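To start, the structure itself, in structure tokens.
The values are calculated or read from the model by the stated rules, or taken from the named source; none is laboratory data. Since the model is a prediction, treat every value here as computed from it, not as a measurement. Cβ sites come from the backbone with ideal geometry, for glycine too, and all protein chains shown count toward neighbours.
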Amino acid sequence: MSAAPTVRAVIARHCQELLADPLLHGDPTLRDIAAQCRQPLRVLLVGNVSTGKSTLLNALIAGPLAATAFEETTSSVTWYHGPELTDPPLPDPGHRSVTTDFPLAGRVMLGDSPGLNTLSDNPRETLRMLGGSDLTGAAAAFVCVLVGGRVDQWAEGLEELAAFSAGPFDLVGNIVVVMAKVDEVDEAVDDIERRVSGDTTTTFRFAAVNQLMAAAARTGAVDDRIVAALDRLRTLPVVHGRSAPAWDRLAEEVGTSLPPGHLKALEQVVGAPAWLPALVAATAGMTTAGAVSEQFERMSRIRTLEAVLSDLADDSDLFTSTAAVLRLRRLAARLKPRPAALVRARLADLTATMHTSGLHRRAAARLVRHTDVGSGLTEHERAAAQALLRWPDAEAEGGAPPASLLSPAPPPSPDTSAAGGDTSDRKTAAEVDAGAVLARWTAYEADPFRDSRSREVAALVIETARHRLRTTRQEES
């Protein structure tokens, strides 16, 4: 039996059929929705000027392709994609595309956008992607780059972004907050994570990254000068004190024992000296640029961010389909009556098909993983529920999801999971005791103090567990 088409493939087909109608022929939004549904997950990087957004992008794409400077350098949206895409359609004629191979190529398209806190016209390009315009939803996931851990300054914007992108599947997890320039903050990364997660009611993933170290490791900037500088600093008592000394103090201590430029090269790839003591200790005994570069990459935490983005890519069908449905709804709202009726009829056909029931289960799995749905249950019980909700064979059941899951929900409670994400839900349905899940979640649903969304998710878990038990009995007979 062939696999069912992805929901985004079904949406793309609907869009192509709509474009064939004379009333909608050539509509740019429909064309882009169809293209988006055939592409890897579109992830847009947003932030203010000089937050290190382009440096972070260079680390993610493993090459110095994005221009970096203290002043405003990004004037339009640029999409970075893998070589498997040849001249891909883009959301807007003013956007650019760059082909490059990088660790997540083939799974995501990374968009670099103009900074938001300038008086130029450039921020308009970013704002068109974030809310209320014809391009809203053209990116299905967002990386919001902040500095200093000041999420309170972005709380309103994050909540608006979550509301615009939540969609018909009660979506969570498509917003990633990255604290960049973490080397400049005198606070433990874990403490920053806990504080940031409590600063807003919006559910988001979080990662703190030293993007200078990450970019240096991946662009070949860690060379023999860096190795020599670290080796010399390792002999200085001042580096092993309670606090890291300033770079000018280190320059005085080093004197002429290093060739000119070596210490400056280290400063350029490390940033503020707060991480120097740990870096010096971690690279002890390393004599090659390759080994030191590997340590730079590990310490930078760029892999934590990539793990989050990889997790989003695992649910690309959910995120892209959600964005596409939202775009179709907004398109219908601004079209004239006759073409609007055509789009709405297609939306009705789409939501009536059982293809979308799998998306509701995947959205529910993310709710269990990233919100307080299922609170009070053990991690094993929550993980088992997630595994069942992600079970592909459940699609055959075709049961309709609870009606309220078809409408956007209010922002859920803050994500308190680790930045890298809990991997305990990566079980398979075959490894799960469906009977135990059924019993435990039936009791959970029966609690009169549960909120409506928790009850709806529990109902999906129960329905899927029952189907799994029926399928197991049929296979055994």
Check your understanding: Any idea which of Q16, Q36 is touching a Pro at 6+ places or on another chain (Cβ under 9 Å), modelled with pLDDT of 95 or more and of a type outside the set (A, V, I, L, M, F, W, C)?
Key -> Q36
**Study point:** Members of region 376-388 found to be in a helix (DSSP H, G or I) and among the hydrophobic types (A, V, I, L, M, F, W, C), listed by number
**Key:** A383, A384, A385, A387, L388
Exercise for review: Tell me, please, whether a residue that is at pLDDT 90 or above and either on the phi > 0 side of the Ramachandran plot or in contact with a Phe, Trp or Tyr (Cβ under 6 Å, 6 or more places away or on another chain) (or both) can be found in region 386-398.
Suggested key: no
Review point. Of these, V373, V368, which one is crowded, with 23+ Cβ neighbours inside 10 Å, among the β-branched types (V, I, T), outside the structural domain of R468 (by TED's automatic domain parsing) and outside any loop (DSSP other than H, G, I, E, B)?
Key: V368
Study note, to complete from the structure: For region 277-310, the count of residues that are under 14 Å from R232 (Cβ atoms), out of contact with any helix residue (DSSP H, G or I) (no Cβ under 6 Å at 6 or more places or on another chain) and part of a helix (DSSP H, G or I) equals 1
**Study point:** The listed residue being surrounded by 21 or more Cβ atoms within 10 Å (Cβ to Cβ) and acidic (D, E), out of D27, D32
**Key:** D32
Check your understanding: Within region 127-146, is even one residue at pLDDT below 80, β-branched (V, I, T) and either in a strand (DSSP E or B) or not assigned by TED's automatic domain parsing to the domain that holds P277 (or both)?
Key -> no
Exercise for review: Could you tell me whether L326 is touching a strand residue (DSSP E or B) at 6+ places or on another chain (Cβ under 7 Å), part of a helix (DSSP H, G or I), at pLDDT below 95 and buried (at least 19 other Cβ atoms within 10 Å of the Cβ)?
Suggested key: no
**Study point:** Sole exception among (1) surrounded by 19 or more Cβ atoms within 10 Å (Cβ to Cβ); (2) closer than 30 Å to V238 by Cβ for K264, by number
**Key:** (1)
Review point. Of all residues in region 232-256, how many are in contact with a helix residue (DSSP H, G or I) (Cβ under 9 Å, 6 or more places away or on another chain) and closer than 19 Å to Q268 by Cα?
Key: 13
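Quick one: which of R195, R225, R205 is charged (D, E, K, R) and modelled with pLDDT of 90 or more?
R225
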**Study point:** Residue check for D32: assigned to a helix (DSSP H, G or I), outside the structural domain of F102 (by TED's automatic domain parsing) and farther than 15 Å from L350 by Cα
**Key:** yes
Practice item. Those residues that are closer than 29 Å to N58 by Cα and at pLDDT 90 or above, I need them from region 235-248; list them, please. Key: A246, W247, D248
Point to revise | Condition met for S357 (more than 30 Å from L60 (Cα to Cα) and either of a type in the set (K, R) or surrounded by 15 or more Cβ atoms within 10 Å (Cβ to Cβ) (or both)) | key: yes
Exercise for review: Please specify each residue of region 242-264 satisfying the condition of being assigned to a helix (DSSP H, G or I) and touching a residue at least 12 places away in the same chain (Cβ under 8 Å).
Suggested key: W247, L250, A251, E253, V254, H262, L263
Check your understanding: Hey, any hits in region 199-206 for a residue that's within 19 Å of A281 (Cβ to Cβ), in contact (Cβ under 8 Å) with a residue 24 or more places away in the chain and in a loop (DSSP other than H, G, I, E, B)?
Key -> no
Exercise for review: Collect the residues in region 170-184 that are modelled with pLDDT under 80 and either surrounded by fewer than 18 Cβ atoms within 10 Å (Cβ to Cβ) or not in a loop (DSSP other than H, G, I, E, B) (or both), keeping them in residue-number order.
Suggested key: D183, E184
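Going by the structure shown, is A244 among the small types (G, A, S) and buried (at least 18 other Cβ atoms within 10 Å of the Cβ)?
It is true that A244 is among the small types (G, A, S) and buried (at least 18 other Cβ atoms within 10 Å of the Cβ).
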**Study point:** Residues of region 205-225 classified as of a type in the set (A, V, I, L, M, F, W, C) and in contact with an Asp or Glu (Cβ under 6 Å, 6 or more places away or on another chain), total
**Key:** 2
